[in-house]
Each structure stands twice: as structure tokens, then as C-alpha cells.
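The values are calculated or read from the model by the stated rules, or taken from the named source; none is laboratory data. Small disclaimer: the values here were computed from a predicted structure and weren't measured. Because the Cβ atoms are built from the backbone with ideal geometry, glycine has one as well, and the counts that use them run over all protein chains shown.
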Amino acid sequence: MVMKHYPAEFKADAVALYQSRPGATIRSVAADLGINPETLRNWVRAAGASRPRGRRAEIPAEPPTALEAENAALRKKVRELEEEREILRKAAKYFAGETRW
């Protein structure tokens, strides 16, 4: 079996992606990135990363309106998608450079 070496930046981005997606599993994130789930699991352990748990936030004076809540959810989704796109771009660049024809 061939050992693949990934750049430190790719590893850090993969761990950050896992942390930013609370509903995702290591297996699903690893599949999205095209890496072995155990590899990602090792990176997460080495980084000492854990998912942020339900932290108590300050209670706002007024509950957000439906429009504000939708806006916040959409902004969060945009940030997540931009991060995923950037990680996939870096992975594609890395693998394109690795190809030997």
C-alpha cells in the first residue's frame, strides 16, 4: 500500500471542515475529500480538535424574527460552502500536481 503525504494546510483545512459541520461524520467528510476515514480521524486526534458543544449563549433581549433567523442560517450555509469549495480546490490542485502521466 502506498503512503500518501498530504500538506499540513490540507490537513488543517480538513479538520476545520469536520469541526464546522456538526451533523457530519468523519466518514462522510473523508468521503467528500477523497481520503481514508482513519486518516482524517488521526488528523482530528492529532489536532486535539473537538466539536464545539452546546455552549450557553447570552439570551437576546428579543427573539430574532423569521427573516433574521433565515438570514443567519443562509449566511452560515454560505460560509460553510465557501470553506468546502476552498478545501476541494486545494485538494484538486494537490492531486493534479501528483499525477504522473
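What the table shows:
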| item | result |
| --- | --- |
| Close pairs (7 angstrom Cβ cut-off, 6 or more residues apart or separate chains): without any contact (Cβ under 8 Å) to a residue 12 or more places away in the chain in the stretch 7-36, small (G, A, S) and in a helix (DSSP H, G or I) anywhere | N36/A30 |
| Answer residue from the stretch 25-68, given it is loosely packed, with under 10 Cβ neighbours inside 10 Å and within 14 Å of the chain's Cα centre (by Cα) and is modelled with the lowest pLDDT among those | P52 |
